[in-house]
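The values are calculated or read from the model by the stated rules, or taken from the named source; none is laboratory data. Source: prediction; values computed, not measured. Methodologically, a virtual Cβ is constructed for each residue, glycine included, from the backbone with ideal geometry; neighbour enumeration extends over all protein chains shown. SASA here: full protein model, heavy atoms, side chains in, ligands and nucleic acids out. Shrake-Rupley method; radii C 1.70, N 1.55, O 1.52, S 1.80 Å.
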Amino acid sequence: MSSHKRTGSRGRALKVTALASVAALALSACSGENPASRGWLPGNRDTTSNTAEITDLWVNSWIAALIVGLITWALMLWCMIAYRRRKGETGYPRQIAYNVPLEIMYTIVPLVMVGVLFFYTNEVQRSIDEPYEDPNLVIDVRGKQWAWDFNYNYEGEERYFAGVQAELDGEEGVRETLPTLYLPVDEPVTFELNARDVIHSFWIPAFLQKRDMVPGRTNEIHLTPQELGSFDGKCAELCGEYHSEMLFNVEVVTDEEFRDYLQTLPEGQLGDEYDRNPNLHENVAGTEGDD
Ligand SMILES: [Cu+2]
């Protein structure tokens, strides 16, 4: 049967069936799976002291966006159906312009929406960026092409780990050769993020936080790991040829295991003296009156 012989009702029935199956597919993808309840974010709500707040902001923003989307789609559909061209109609429908109340409405409503999004984003950002007063554990992380140095300062004891360029070749077992960052569970940690050469970005996806590492300045992340386990860490800023290999492991361990691990590391810190431009920090500090 050729398509032009199809009756209107049959065509409509086909469309309804197609729409229904798309909807069923979308709904089945949403149900049952645990990650969906968190908007497919990695990790868990309680991975760190900040992940619950970040998750709520993310999921609630999606809910707000969906509500706006549903209203918009409904209005569009209504316009298309209510004002469609009827049989025998020619030319344009009656044109309407300059409806002042309508224009005021669609200026104010988006402003309110942006304001609400701004308010909640600002609240969460301020809350998670609140520095710890006198933290027991400070880790000075130095990004470099293409590895990581971790300088631990735990209760005044200084130890360091010097990262070596990973050599990923697609073979199993290379993961073990990546630098590993150890963190004690339930201990507030201040990360001081520095770069030795170009801009890098410190990212532990499961922690839902990422921050640039800029040569000559120190950025910070403040969090408390709350869940034991292994996590992936990455550089999230394109930083040259082997950027994709600038990976690290994260092990969140008990306090005892962390203390034991620290004892295996050499004493001291790997500071600015190993930067590509060792004077950059002083120069920037000097010209900008840093801190
Ligand atoms: Cu990098």
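Here are the numbers:
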| read-out | value |
| --- | --- |
| Nearby aspartates and glutamates by direct alpha-carbon distance to residue 210 (threshold 16 angstrom, same-chain neighbours under 8 apart not counted) | 53, 129, 130, 140, 192, 220, 232, 237 |
| Whole-angstrom gap from region 233-265 to region 60-125, using each part's C-alpha centre | 47 Å |
| Residue order for 117, 111 - accessible surface, 1.4 angstrom probe, largest first | 111, 117 |
| Proximal charge balance of residue 199 [Cβ under 10 Å; K/R count +1, D/E count -1] | -3 |
| Amide proton proximity set for residue 195, modelled H, under 5 Å, gap of 5+ | 143, 214, 216, 217 |
| Protection proxy ranking of 167-178, 48-59, 189-200 - average other beta-carbon atoms within 10 Å, highest first | 189-200, 48-59, 167-178 |
| 10 Å beta-carbon shell around residue 45, net charge (K/R +1, D/E -1) | -3 |
| Rounded percent of accessible protein surface that carbon and sulfur make up, region 92-222, 1.4 Å probe | 55 percent |
| Region 118-132 residues near the modelled residue 52 label - backbone nitrogen below 20 Å, point 7 Å along Cα→Cβ | 120-132 |
| Extreme residue, positive dipole direction of region 137-284, given options 214, 194, 250 (C-beta unit charges) | 214 |
| Convex hull volume of region 137-284 per residue (C-alpha atoms, cubic angstrom) | 108 Å³ |
